[in-house]
Structure formats: C-alpha cells, structure tokens
Amino acid sequence: KRMKWDVVMQVLNMGITAHMYREASAERLSKHLHEMTLYGKKFIMLNADLKDTYDFPYVEDLESKYYGLGWYTWTGKNWVVSLRTTNSDNDVSAIAKTFGGGGHKGAAGFSNDNFNFPQEMTNAPSTV
C-alpha cells in the first residue's frame with residue numbers, strides 16, 4: 001500500500017520542526033558552556049538537565065581540544081553529572097568511578113550529595 005503524499009509531507013514537516021527546535025535550544029545552551037578539569041582532564045561542560053548528547057550544543061574540534069563533554073545539575077538532594085567522549089582513546093568511566101559512579105568508556109556518570117566541584121565549576125554559569 002502506498003502512503004498518501006499529504007501524510008508524507010506532514011511527517012516531514014514535523015521532523016523539520018523538531019530539528020529547528022533542537023538547533024535553537026543548542027544555540028541557547030551554547031552560551032552557557034564552560035571548561036572544567038576533572039582529574040587532570042579538560043572537559044567542556046554545561047550546567048543543565050539534558051537527557052542525551054543530541055541536546056548538547058555543537059563544539060568545534062571537540063576531540064582535539066577536550067577529553068570529553070558533560071553536563072550536570074543539582075536535584076535538590078544531590079549533583080547528577082554525565083560525561084561523554086567521542087575519542088576511543090579516552091575513558092570517562094574511570095573518572096566517574098572516582099566519584100562513585102560508573103558506565104562505559106564513552107558514556108558514564110555519577111551522582112553525589114558530597115561532590116566538591118572544582119573552581120571552574122563553582123564559577124560556572126547557572127542552570128539553564
């Protein structure tokens with residue numbers, strides 16, 4: 001059975017709208033990016049409650065400039081930190097494990113009510 005052309009156009013337009021929304025969101029979030037060093041590794045970080053890396057703003061030359069990227073948020077009870085890397089030589093799970101978390105080599109995280117953020121994070125822009 002063939003799909004009707006108007007249905008195809010509606011689905012296509014919904015996808016374009018979703019993509020435009022994510023691009024606008026990434027543009028807004030990119031103003032709040034900051035660098036942070038964890039265990040001697042430089043990350044580009046964002047103080048925001050993201051659900052996945054697709055929502056993270058584009059960072060030019062990410063692999064050459066940073067060990068990885070991440071985001072963090074305060075839940076009211078603890079800090080939740082997510083770390084990611086696109087470089088297969090890097091292991092963000094090793095860093096997460098030092099804070100009681102875990103994960104995979106390319107994607108890891110931790111939560112901690114006692115986490116003392118490095119100075120870079122203390123001066124970071126507020127949650128967006």
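Things worth noting here:
- Relative to the longest principal axis of the Cα atoms of the chain, the long axis of helix 5-30 lies at roughly 20 degrees.
- Taking 0.36 nm per residue of separation and subtracting the current Cα-Cα distance, fully stretching the chain between Ala18 and Thr86 would add 22.0 nm.
- Scoring 70-77, 19-26 by mean Cβ neighbours within 10 Å over their residues and listing the highest first yields 70-77, 19-26.
- Taking every protein chain into account, the accessible area of the chain amounts to 65 square angstrom per residue (probe 1.4 Å).
- Put a dot 7 Å past the Cα of Tyr39, heading toward its Cβ, do the same for Asp61, and the two dots end up 2.7 nm apart.
- Backbone amide hydrogens, once placed in the peptide plane, bring Gly68 within less than 5 Å of Ile44, excluding anything fewer than 5 places away on its chain.
- The slack in the chain from Thr98 to Val11, taken as 0.36 nm per residue of separation less the alpha-carbon distance, amounts to 26.8 nm.
- Packing-based ranking, highest mean first, of 78-88, 103-113 given that Cβ atoms within 10 Å are counted: 78-88, 103-113
- Pairwise alpha-carbon distances in the chain exceed 22 Å for 41% of all pairs.
The values are calculated or read from the model by the stated rules, or taken from the named source; none is laboratory data. On a predicted model such as this, the values are computed, not experimentally measured, just so you know. Cβ: placed from backbone, ideal geometry, glycine included. Neighbour counts: every protein chain shown. Accessible surface is based on the protein model in full, side chains and every heavy atom, while ligands, DNA and RNA are left aside. Shrake-Rupley method; radii C 1.70, N 1.55, O 1.52, S 1.80 Å.
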